[in-house]
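S.K.: So that we are looking at the same thing, I have put the structure below in structure tokens.
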Amino acid sequence: QVQLVESGGGLVQPGGSLRLSCTASGSIFSPNAMGWYRQAPGKERELVARASSGGSTNYADSVKGRFTISRDNAKNTVYLQMNSLKPEDTAVFYCTFRDFRVSRDYWGQGTQVTVSS
């Protein structure tokens, strides 16, 4: 089992920045991937960004150039630096951990990000 604890959501004005953090604990094995999905009201959950334990990253087209994902493998923590935030970024952001050995995904409880003036 893997437990995920998220922090860093909140209210920010358009053009502002936020940084999300997520720390995993429990049965942590490699290879794995940690990342973020988001779900806006009335929309499906979508991948925002993901970083593998091997160092590769991928992003949704809508956030490329604005968001940066990074990992501290020693701390089992993933960060999402979000810059130039837009109202359409408003959503609940969920941290995920994928254990590739058993093809299992774990989810955090979600953190609200609201971009509004």
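S.K.: Which value, in Å² and to the nearest 10, is the accessible area of Thr23 when all protein chains are kept and the probe is 1.4 Å?
M.R.: Spelled out: Thr23, probe radius 1.4 Å, area about 60 Å².
S.K.: While we're on this one: Restricting the count to DSSP beta bridges whose residues both fall in the chain, what percent are antiparallel, rounded to a multiple of 5? Numbers along the way, then the final one.
M.R.: On the way: 42 of 45 bridges.
About 95 percent, rounded to the nearest 5.
S.K.: Right, something else. How much accessible area per residue does the chain have, counting only protein heavy atoms and a probe of 1.4 Å, in square angstrom? Intermediate results must be reported in sequence, preceding the final value.
M.R.: On the way: 6050 Å² over 117 residues.
Here the per-residue accessible area is 52 Å².
S.K.: Right, here's the next one. With every protein chain left in place, what is the accessible area of Phe29 in Å² (1.4 Å probe, nearest 10)?
M.R.: Rounded to the nearest 10, the figure is 100 Å².
S.K.: Another question about this same structure. Cα to Cα, under 20 Å, and not fewer than 8 places away if on the same chain: which lysines meet these conditions relative to Lys86?
M.R.: Straight-line reach from Lys86, under 20 Å: Lys43, Lys64.
S.K.: In the Gaussian network model of the chain, springs joining C-alpha atoms below 10 Å, which of Val102, Val92, Val48 carries the largest mean-square fluctuation?
M.R.: With Cα springs under 10 Å in the chain, the top fluctuation among Val102, Val92, Val48 is at Val102.
S.K.: Apply the Karplus curve 6.51 cos²θ - 1.76 cosθ + 1.60, θ = phi - 60°, to the phi angles in the stretch 17-24 and return the couplings in whole Hz, x for Gly and Pro.
M.R.: The phi angles translate into 10, 9, 10, 9, 10, 8, 10, 9 Hz.
S.K.: With a 1.4 Å probe and all protein chains left in place, how much of the accessible area of the chain comes from carbon and sulfur atoms, in whole percent?
M.R.: Numbers: 2790 of 6050 Å².
On the chain, the fraction of accessible area on carbon and sulfur atoms equals 46 percent.
S.K.: Also, quick follow-up: With a 1.4 Å probe and all protein chains in place, put Leu47, Leu11, Leu20 in order of accessible area, largest first. Show your work: numbers first, answer last.
M.R.: Values: Leu47 45, Leu11 130, Leu20 0 Å².
In descending accessible area the options line up as Leu11, Leu47, Leu20.
The values are calculated or read from the model by the stated rules, or taken from the named source; none is laboratory data. All values reported here derive from a predicted model rather than from experimental measurement. For accessibility, only protein heavy atoms count, side chains too; no ligands or nucleic acids. Shrake-Rupley method; radii C 1.70, N 1.55, O 1.52, S 1.80 Å.
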